[in-house]
Amino acid sequence: MKRVFSGIQPTGDLHIGNYLGAIRNWVKIGEQIGKDAIFCIVDYHAITIPHDRELLGRLTFDAALANMAAGLDPNKIVLFAQSHVPEHLELGWVFSTQTPLGELERMTQFKDKSEQHSVLAGLLMYPVLQAADILLYKADTVPVGEDQIQHIELTREIARRFNAKFSPENPVFPEPKASIDKSAARVPGLDNSGKMSKSKNNTLELLEPQAALWDKIRVAPTDPARVRRNDPGTPEKCVIFSYHKLFSNLDTIQEVDVGCRTAGIGCIDCKKLLMVGLMETLEPIQARAAHFQAHPHEVTDALVAGAEHCQKIARETMLEVRDAIGLLRPNSIRPVIQ
Ligand code: SF4
């Protein structure tokens, strides 16, 4: 792992699934490779489906703030907004001229999204821009969820095709690999109906106040066998127990395990114990978020510094790309005209 690139959706309402499934892993990566861990808030991707122009900038800021609160430290890693480095679009255009339409139409995510939204050209080009995001920095590793593996495969194909056609002797791009963190927790939704997801409205938000979290957890379904307080239950059938395993200490997990099976503990008391472990994780994150909300310049300064850092790398890559495809260098105009 030499350089890692990951895209972050421009939204500040991160949930515990985002945290345990991705952000915690990114923090670990940053500790290993420092400024070669590049995290980009992909605001240009966000406009490939209808968006609210009044909100987009705010959401980009909120995404930076929430991820910084969750542990991404811009003093250690690089965090920036995609639209602040226009070379992403430039390389995206170059790649779009080399990518067969059929390959893009076959993308599963394109097919899914085009059923929900009117099809704009940008939606079709989404994976080409994603390839540009990654290859602009010559990243060799991209931490992704399983739903993104097809896009990383396309990125590899785009890199391979470019190298073979334009730079066979001295390949411009590496072929990055997808990295799926096996230790990342797959967090079930509060309704126990599969993965936690905003679209299913079954989330516990990282920055949600304690009272709001309790309101959700208090009414969350448990093992249906526990109709009365003295009915024994099976903790493995209950989402609350899944959360205990993610947030509580071993003694509490043991206490709940035995207490549930023997009806020694009621569901409300079990849920109160969960709140203790959950808030131990969330309180420091929420305290950092409150700090950044009071000092917003720390967030905007981080984004400016991140964009400056990335643009230096991006400009160098684009010089190589322009040379490889044969574009006239601006500083060559005079000799050619003469
Ligand atoms: S005691 Fe806890 S683990 Fe058992 S069913 Fe109730 S909430 Fe779920």
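The values are calculated or read from the model by the stated rules, or taken from the named source; none is laboratory data. All values derive from a computational prediction rather than experimental measurement. Neighbour counts run over all protein chains shown; Cβ positions are idealised from the backbone, glycine included. Please note that ligands, DNA and RNA were not included when accessible areas were found on the heavy atoms of the full protein model with its side chains. Shrake-Rupley method; radii C 1.70, N 1.55, O 1.52, S 1.80 Å.
See the values below:
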item	result
Per residue solvent-accessible surface (Å²) - the chain, probe of 1.4 Å	50
Rounded accessible area of V304 (nearest 10 Å², 1.4 Å probe)	80
Phi to ³J(HN,Hα) by Karplus 6.51 cos²θ - 1.76 cosθ + 1.60 over region 276-286, Hz, x for Gly, Pro	4, x, 4, 5, 4, 6, 7, 4, x, 5, 5
Residues with amide H under 5 Å from that of A37, placed H, sequence gap 5 or more	V4, V78
Taking N as its residue count, the alpha carbon Rg of region 61-163 over 2.2 N^0.38 Å	1.16
Fraction of accessible area attributable to carbon and sulfur, region 208-291 (%, probe 1.4 Å)	57
Ratio of Rg to Rh over region 1-57 (Cα coordinates, Kirkwood Rh, two decimals)	1.04
Cut-off 17 Å (backbone N to label point 7 Å along Cα→Cβ of V227), residues of region 245-266	263
Student exercise, region 208-291 dipole from Lys, Arg, Asp, Glu Cβ charges, in Debye to nearest 20	240
Dipole of region 208-291 [Lys/Arg +1, Asp/Glu -1 at C-beta], most positive-end residue of L278, F247, P221	P221
Heavy-atom SASA rank of T108, T11 (probe 1.4 Å, accessible area, largest first)	T108, T11
Rg ratio (alpha-carbon, reference 2.2 N^0.38 Å) - region 198-285	1.07
Of K111/K216; K76/K312; K216/K237; K35/K198; K195/K271, those spanning more than 24 Å from alpha-carbon to alpha-carbon	K111/K216; K35/K198
Zero-based 20 Å bins, Cα pair distances in the chain, whole percents	27, 50, 19, 3, 0
Spread of Cα-to-Cα distances over 10 Å intervals beginning at zero, given as percent, for region 270-328	18, 22, 20, 17, 14, 7, 2
Histogram of C-alpha separations across region 115-165, 10 Å bin width, %	22, 51, 23, 4
Magnitude of the charge dipole, the chain, Cβ model with Lys/Arg +1 and Asp/Glu -1, debye to 20	360
Residue among D133, D52, D301 with the largest mean-square fluctuation in a Gaussian network model of the chain, springs linking Cα atoms under 10 Å	D52
Among A290, C238, A307 the positive-end extreme of the charge dipole of region 227-338 (Cβ point charges)	A307
Charge dipole (debye, nearest 20) of region 10-55; +1 at Cβ of Lys and Arg, -1 at Cβ of Asp and Glu	200
Y19 accessible area, 1.4 Å probe, all protein chains in place, Å² to nearest 10	40
Listed residue (V78, G259, T203) projecting farthest to the positive dipole end of the chain, Cβ model	G259
Cα centroid separation, region 1-71 to region 237-285 (Å)	29
Inter-label distance, nm, simple model (7 Å from Cα along the C-beta direction), D52/A290	2.6
